[in-house]
Amino acid sequence: MAAMQLALGVFVIFISMASLHRFYATNSLLPGLDDPAAHCAKFHTVAGAGGYAGFDIRALADRVDDVLVQLAELQDKLEATALKIGKKTKKSKARHKQPENMTMPEFRRFLEDEVIHPLYSAHIALRLIRIPRPDPDGGDGDAAAPAVDPLVNFFTAEETRKYVTAKGNRDGLPSVYGTNRTYGTIGHACVLMRQELDEYMSYDVGAHCPDDWDLGQRLMLGGCDPLPRRRCLAPASKFFHHPLPINESLWTLPDDGNVRWSRYHCRGYKCLSARNQRRGYNRCVGCFDMDQEKHRWVAAAANGTASALADFRIDDVLAAKPGEVRIGLDVSVGTGSFAARLRERNVTIVSAALNLGAPFAETIALRGLVPLYATMSQRLPLFDNTMDLVHTAGFFEGWVDLQLLDFVLFDWDRVLRPGGLLWVDKFACARKDLDDYMYMFLQFRYKKHRWVVSFKSKDEVYLSALLEKPPRS
């Protein structure tokens, strides 16, 4: 058995070194370059002289170094195993005992974990190195233009490199979009968050995904969106129960066992109560208290309170366009209570949600509603002129930069249909900033159904408005 392992190790190292030798023989990859100095010169050619200016030779060298390190580690493991077996054999002979032999399942496990998997990783690493090649589909007539993504050698995680590499169509057939290649979209901020993205994409294909959704959300908030993780199985809670029927789930907190709590401060819904000062979140306090949530948007605020004028009732809003509000979007921090109220009135609402210290997205889904897991920096995945209603509450709170708000409002305007309603629900800001924020909403020249400014405190105000998008044809 020891001789067999040694022979296998020598064979693996021999094959790996042969592969590296073939890789370094660049003539086989770039024919026509006989001078070794010409190889590097070709890689560093300026734009317009062959089209290889974007090729990253440093990333290529780093990739080769990674392969060499993997092979060296594999060699060390094999040598250490052979040495260990040799010592055991000598001890057995000295004690006149029968040498211990590896069972076939143990030997198979050793081969899979210690030999095949590292060798496969090194093999994939070599295959994923991209050398610039002429683009057969280049429409400019330049046969030397390289078809290589400049990011492909920047990342080290195998899954990231596979994701950003363009996928050519089979048999040269055009895709359903009429293109010859399909590109995986990835935000430019992913380049700035390379270490986090490589950590997020280091998973076993086909196995369970790591329980690191918080890392993915951190990438999204950093602008690395959409996330490229696709080929692993999302784990669920070990104690998952069947959800409640829809007539019960709308106003009942879900079972604790239906949520993975490992990344939250709390370990159950009871801990999320507004009365708990150590609940782990500070946005939408009280959202998990269903008794309190039941009264929102249906009961008029108590007279004499500072926010009484800024509180609009759902029935009053729907009366502005009777029978016309059927589908909409809620951009708020919450657990879906607004969507629940509209569902009772046969209106379908999609709720944008992030898990900001508490399981907002999971709670919305477990209540039988639709969460949209997206950040405000992402263009809404909705087509133009399709929504009857866009509602926002407790989301911006006066902290938002005016230019960012401009991008967001124009996107909301894009998805609202002509005659659709924009409901600004108690937008809070400093009194000194009110004019700036008012202009941001008024610039679209929407029809005003309601427009209310009321005091929140001495230095802060609420702005509530119900606006109708004009027809633009």
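The values are calculated or read from the model by the stated rules, or taken from the named source; none is laboratory data. None of the values given here were measured: they were computed from a predicted structure. So basically every Cβ, Gly included, is an ideal-geometry build from the backbone, and we count neighbours across all protein chains shown. In case anyone asks, the SASA skips ligands and DNA or RNA and just uses the protein heavy atoms, side chains included. Shrake-Rupley method; radii C 1.70, N 1.55, O 1.52, S 1.80 Å.
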Qualifying positions in the stretch 167-195 - closer than 21 Å to THR156 by Cα, open to solvent by 60 Å² or more (accessible area, probe 1.4 Å) and in contact (Cβ under 8 Å) with a residue 12 or more places away in the chain: LYS167, TYR183, THR185, HIS188, LEU192, ARG194
Residues (surrounded by fewer than 18 Cβ atoms within 10 Å (Cβ to Cβ), among the basic types (Lys, Arg) and at pLDDT 95 or above) located in the stretch 344-382: ARG345
Cβ-Cβ under 6 Å pairs, at least 6 apart or on other chains, the stretch 256-281 side under 17 Å from LEU215 (Cβ atoms) and in the same structural domain as GLN292 (by the TED database), far side of a type in the set (Lys, Arg) and in a loop (DSSP other than H, G, I, E, B): TRP261/ARG267
Filter result for ALA207 (open to solvent by 20 Å² or more (accessible area, probe 1.4 Å) and more than 30 Å from PHE154 (Cα to Cα)): no
Residues located in the stretch 415-445, provided they are over 18 Å from ALA310 (Cβ atoms) and either open to solvent by 20 Å² or more (accessible area, probe 1.4 Å) or over 33 Å from the mean Cα position of the chain (by Cα) (or both): ARG417, PRO418, GLY419, LYS432, ASP436, TYR439, GLN443, PHE444, ARG445
Answer residue from the stretch 58-74, given it is open to solvent by 20 Å² or more (accessible area, probe 1.4 Å) and modelled with pLDDT of 75 or more and is nearest to the chain's Cα centre (by Cα) among those: ASP66
The stretch 336-357: number of residues that are under 21 Å from the mean Cα position of the chain (by Cα) and farther than 18 Å from ASP411 by Cβ: 3
Hits in the stretch 304-355 (condition: in a helix (DSSP H, G or I) and either in contact with a Ser or Thr (Cβ under 8 Å, 6 or more places away or on another chain) or within 13 Å of ASP425 (Cβ to Cβ) (or both)): ILE314, ASP316, VAL317, SER337, PHE338, ALA339, ARG341, LEU342
Residue in the stretch 295-306 that is crowded, with 19+ Cβ neighbours inside 10 Å and not basic (Lys, Arg) present: yes
Helices (runs of 4 or more DSSP H) completely within the stretch 152-227 that count 1 or more residues being farther than 30 Å from GLY357 by Cα: 158-164
ASP311 at pLDDT 95 or above, of a type in the set (D, E, K, R) and under 25 Å from PRO470 (Cα atoms): no
Residues that are out of contact with any Phe, Trp or Tyr (no Cβ under 7 Å at 6 or more places or on another chain) and open to solvent by less than 50 Å² (accessible area, probe 1.4 Å), drawn from the stretch 394-404: GLY394, PHE395, GLY398, VAL400
Of the criteria (1) within 20 Å of GLY420 (Cα to Cα); (2) in contact (Cβ under 8 Å) with a residue 60 or more places away in the chain; (3) surrounded by 18 or more Cβ atoms within 10 Å (Cβ to Cβ), which one ILE327 fails: (3)
